[in-house]
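What follows is a set of notes on a single structure, which appears directly below.
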Amino acid sequence: MSWTREIPAVLAVCVLLLTGAAGCGPDGARENGTNGDSPAPVGKLLDETDQQGHRYREVAEKGAPRVGIEVQPDGDDGGWNVRLTLRDFRFSAAGEKASAVAGRGVARLFVDGRPVVRLRTSAYRLAARYVPHGTHHLTARLYADDGTVWTVDGEPVESTADITASDPAPSAGVHGALSAPGTRLRTGGRGSPDRGGKAS
């Protein structure tokens with residue numbers, strides 16, 4: 001084979017290698033910031049904060065994370081089974097880098113505005129001691145890994161259920177009951193995984 005035929009082939013391979021390396025990385029590493037680059041900032045930091053001082057991170061409504069919450073009484077000791085329903089959101093693994101990545105992070109549970117637990121799973125058993133006799137508001141709110149609150153239109157992405165704990169009747173085994181008829185989601189915020197529903 002003549003050396004003149006080999007030059008165009010070698011040049012073509014070099015061009016492919018150069019453009020391939022510059023345009024993308026393995027499995028989209030360049031786009032995701034895993035090639036040593038930092039991922040692009042997500043959303044816009046607002047001046048508002050939650051009661052614990054975590055700043056709000058505003059994202060567009062389209063594709064924004066959403067959360068719903070369901071609560072059921074659990075057994076004889078007055079505890080509660082909490083289940084979160086998520087859309088466009090996934091939990092981060094423990095030890096994740098403290099940065100805001102779209103649709104990722106943790107959920108925090110609050111009873112009457114007081115923090116109870118940070119969750120990396122959609123199911124949790126709430127002990128009876130957090131819900132004394134009476135009606136209480138149980139809120140699940142979504143946070144980015146850097147501690148900022150995911151928000152849409154200035155409202156936190158959260159869902160709230162009203163639950164009522166009652167004293168047990170002498171023959172009854174269950175110590176608590178949901179607010180009739182079932183979990184009531186308060187309106188006025190962001191978060192229902194049902195696009196047609198409104199939940200706070």
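What follows draws every value from the coordinates through simple rules; no lab data is involved. The model shown is predicted, which means the values in this text are computed figures rather than measured ones. Using ideal geometry, Cβ is built from the backbone for each residue, glycine included, and neighbour counts are taken over all protein chains shown.
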Using θ = phi - 60° and Karplus 6.51 cos²θ - 1.76 cosθ + 1.60, couplings along the range 45-54 (whole Hz; Gly, Pro as x): 6, 9, 6, 5, 9, 7, 5, 8, x, 7
Can you tell me which of 129-140, 94-105 comes out highest on packing, and rank the rest after it, using the mean Cβ neighbours within 10 Å? 129-140, 94-105
